[in-house]
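So the structure is just underneath, and the comments pick up after that.
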Amino acid sequence: MAERSTAAVDVADNSGDEPLTAKAEQPTADGVARTRERDTAADDDTADTEKPMSRGASSPPELHSGHKLARRYRLEECVTRLDGFSSWRAVDEKLRRAVGVHLLPADHPRARSVLAAARSSALLGDPRFVQVLDAVEENDLVYVVHEWLPDATELTTVLAAGPLEAHDAYQLVSQVSQAMAAAHREGLAHLRLTPSAVLRTSSGQYRIRGLAVNAALRGISSDTPQRTDTEAIGALLYASLTQRWPYEDDAYGLSGLPKDIGLIAPDQVRAGVHRGLSELAMRALVNDGATASRQDPPCTTPEELVKAIGEMPRIRPPEPAFTAPPEYQRTTYQQGSYGRPSAHPSVTQTVITPPPPLQSRTGRALKWAVSALLIAALGLGSWQLADALMREKSEDANETQTTHGDDKGQPKPRKPISIKGGQEFVLQGSAQDPGDIRNTYDEDPASLWRTKTFNDGPRLAPYKPGVGIVYDLGSKRNVSAASIALRYGGPHTTISLYAVDSLSPSTPVESMKKIGTATTSGTTAKIEAKKPVKTQYVLLWVTAVPNSGPDGFYRAGYKQAITDVKLKG
């Protein structure tokens, strides 16, 4: 019996277009990203069909439904069997949840590379990717266990119903580009980013499955991994806008382009396509011989694609369609005939004459008494209303005098300061969410910039001294207050403001001029300066974050997200 292997393999950093290489195996204390209590994800090979094995590949082991791996993972359904490996939907009996499993013989020529890819992907830990939960060599078998998302839908299935609206396509390319840019910063590539590898969850978030593993299973490699993944993102956007695959061959349930016409822009394939997204797709696909519709440079890396998306005007979701209420129908009660029999043409109706009004002396006296009471009530109400209005006017006058001050040196009202730009400030380790800085000052409360999820907290130290953003105010301004809207409440979030000398300050944080600080357990942090500080660049520095549960594709842990920042001077 082969010994169960739990050695982790790191993948070398590949910020350029060099091929991915693996370092030597190093033992770890507890193996690779053991099963986590998270939602599970769908298998990434459901679009594949059974194919004959390539020459030299080992035969897949004889497995069947009900077979158990490590006395824990019970195989349920084989969804793919090709080229010497198989993929299954399984059940983790220990945690009672569905998982996906890739299986291949330990002597398969790609077994070692599959293990290395799975372990490297598990170490990334980015919730935008379907997570690898286990990677094991045991009993002459190599198997990779990953999440299974029961509520997620493949992009292949989504596009079968028709092309995406502009806002949905914008969300797709934004989320996928940012996720792949983060993966490449850690030296990981996908190399098989197809519509079946992208899942849309019920909350509208997109998640990517098969990072590094899909390519390793099929023996796919690239000398220019960043360029390969960028072109694949361009193809996904093209298909989302047109419901056509941007090559001559049909693929993934989509028709290819007509023969012998080359690659044409999406807005020439289908009417009504968003012009900016059409040009973005061409800039990503220019690597394959396309010609951008404007003189913009091609995007050859996911990072360049993220930057190009950030320079586009934000595409808002469509306004909800107004549905007119049903035509108003008057009832018989409203028509004044409630309780009366309906008229028939052949029946003579009896007219009931109402009694005459009170005409006697008693009736006239009663009418005068009622009128007097009404006049008295109106007078009393008018007096009370006038008194309330006078008090409110007096209070407003006092508040105005307090707020605006007078000639004796009272404080003047603070004016909003517009933010012209921003850049993430990374003092130690990797960046948090550099592509979404603009979301913190775009006046859209639904957009946000987020931190990564940390296992311990609330203080980020000693893992990180802090995370933050440097804002450019355009010119030197007096900064005296700030209001920061946050996504997560709970104890506790600590935020400080500092005046710095540039977008990339080099001085230590403790040497920067502090404007103010605040600690909150709610979703708003307000910072007041004792004295206004004049500066062009302001650092927003987060040193503690609250613990929050999972939402969307963000896992539970210590994290925070900023939705809106307003500065005043």
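So for each of 167-177, 303-313 I average, over its residues, the number of other beta carbons within 10 Å; can you give me the resulting order with the highest mean first?
Result, highest mean first: 167-177, 303-313.
Of the GluC sites (Glu not before Pro) in region 426-534, which ones lie in a loop per DSSP and count no more than 12 other C-beta atoms within 10 Å?
Filter output for region 426-534: GLU443.
With each pseudo-label sitting 7 Å past Cα toward Cβ, what's the THR519-LYS420 distance in nm, one decimal?
Going from the THR519 label point to the LYS420 one covers 3.6 nm.
Non-local amide H neighbours of LEU141 (under 5 Å, H modeled in plane, Pro and chain starts lacking H): which ones?
Close amide H contacts, sequence-distant or interchain: ALA106.
Place a point 7 Å from the Cα of ARG316 along the Cα-to-Cβ direction; which residues of region 440-475 have their backbone N under 13 Å from it?
443-446
My understanding is that a pair violates if its Cα-Cα distance is over 31 Å; which of LYS526/LYS559; LYS307/LYS531; LYS94/LYS559; LYS307/LYS530; LYS307/LYS566; LYS68/LYS452 do that in this structure? If you can, show how the numbers build up before the last one.
Details: LYS526/LYS559 19 Å; LYS307/LYS531 37 Å; LYS94/LYS559 28 Å; LYS307/LYS530 38 Å; LYS307/LYS566 24 Å; LYS68/LYS452 35 Å.
Among LYS526/LYS559; LYS307/LYS531; LYS94/LYS559; LYS307/LYS530; LYS307/LYS566; LYS68/LYS452, the Cα-Cα distance tops 31 Å for LYS307/LYS531; LYS307/LYS530; LYS68/LYS452.
Sorting LYS68, LYS476 by accessible area (1.4 Å probe), largest first, what list results?
LYS476, LYS68
Quick one: the Cα spread of region 141-225 along its three principal axes, in angstroms, biggest first?
Here the Cα extents, ordered largest to smallest, are 39, 30, 20 Å.
In terms of modelled amide H atoms, which long-range or inter-chain residues lie less than 5 Å from the amide H of THR80?
Counting only residues 5 or more places away or on other chains, the set is SER87.
Calculate, for region 182-317, the solvent-accessible area per residue in square angstrom, rolling a 1.4 angstrom probe over the heavy atoms of the protein chains.
Working: 5490 Å² over 136 residues.
Per-residue value: 40 Å².
Could you work out how far apart the two model spin labels at SER371 and ARG71 are, taking each label as a point 7 Å from the Cα in the direction of the beta carbon, and quote it in nm?
9.9 nm
Share of region 467-534's accessible area from carbon and sulfur, percent, 1.4 Å?
Within region 467-534, the accessible surface is 48 percent carbon and sulfur.
The values are calculated or read from the model by the stated rules, or taken from the named source; none is laboratory data. This one's a predicted model, so the numbers in the text were calculated from it and none came from an experiment. Glycine gets a Cβ as well: all are built from the backbone with ideal geometry, and neighbour counts include every protein chain shown. For accessibility, only protein heavy atoms count, side chains too; no ligands or nucleic acids. Shrake-Rupley method; radii C 1.70, N 1.55, O 1.52, S 1.80 Å.
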